[in-house]
Amino acid sequence: YHDIHFFSLRYVLYRLQLNHAFKAQDITLSQAKTLSVLSKHPERQATLKYLEKELDLAQSVTAGIIVRLEQKKYVESFGDSTDKRIKIVRITTLGEQIYQASQKILSELENKVLSNLTDDEKRQFKDLLIKVRNTLLTKA
């Protein structure tokens, strides 16, 4: 139990560091994840329902994230032309710039966290993380 608690504490501290680093970009970790999904999706847009599933968040939480991103002009949303009940969210040029900046911040933080590892240790660490992730995905 102590090891799990320690790991959880480290994870929380890492998330706090990320949120603090993203604050300069006027973005939260959840908002950065949303921009990431949109940036990688065809035509840089997706339905609200798709975002809910991809982010694994409730509709109300996802809608709140989108509203805040719209207020910042990082995304725009509109009804589907064939079915107005379907809400489509598209990343804007400004949102894409913020996404790219957030990726740079994430990369810098990862480099900092891994800076004491050798190249071989980094490779092993990455392989282990992938193995754990795959195990979690197959057991879910």
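Numbers for the structure displayed
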{"item": "Complete set of residues in region 87-99 that are modelled with pLDDT of 95 or more and either under 12 Å from Thr34 (Cα atoms) or in a loop (DSSP other than H, G, I, E, B) (or both)", "result": "Val89, Arg90, Ile91, Thr92, Gly95, Glu96"}
{"item": "Filter result (assigned to a helix (DSSP H, G or I), closer than 27 Å to Ile27 by Cβ and either modelled with pLDDT of 85 or more or among the hydrophobic types (A, V, I, L, M, F, W, C) (or both)) within region 100-121", "result": "Gln100, Ala101, Ser102, Gln103, Lys104, Ile105, Leu106, Leu109, Val113"}
{"item": "Region 62-78: number of residues that are open to solvent by 30 Å² or more (accessible area, probe 1.4 Å), of a type outside the set (S, T, N, Q) and without any contact (Cβ under 8 Å) to a residue 24 or more places away in the chain", "result": "5"}
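The values are calculated or read from the model by the stated rules, or taken from the named source; none is laboratory data. The model shown is predicted, which means the values in this text are computed figures rather than measured ones. All Cβ positions, glycine included, derive from the backbone under ideal geometry; neighbour counts span all protein chains shown. Areas reflect the complete protein model, heavy atoms only, side chains present, ligands, DNA and RNA absent. Shrake-Rupley method; radii C 1.70, N 1.55, O 1.52, S 1.80 Å.
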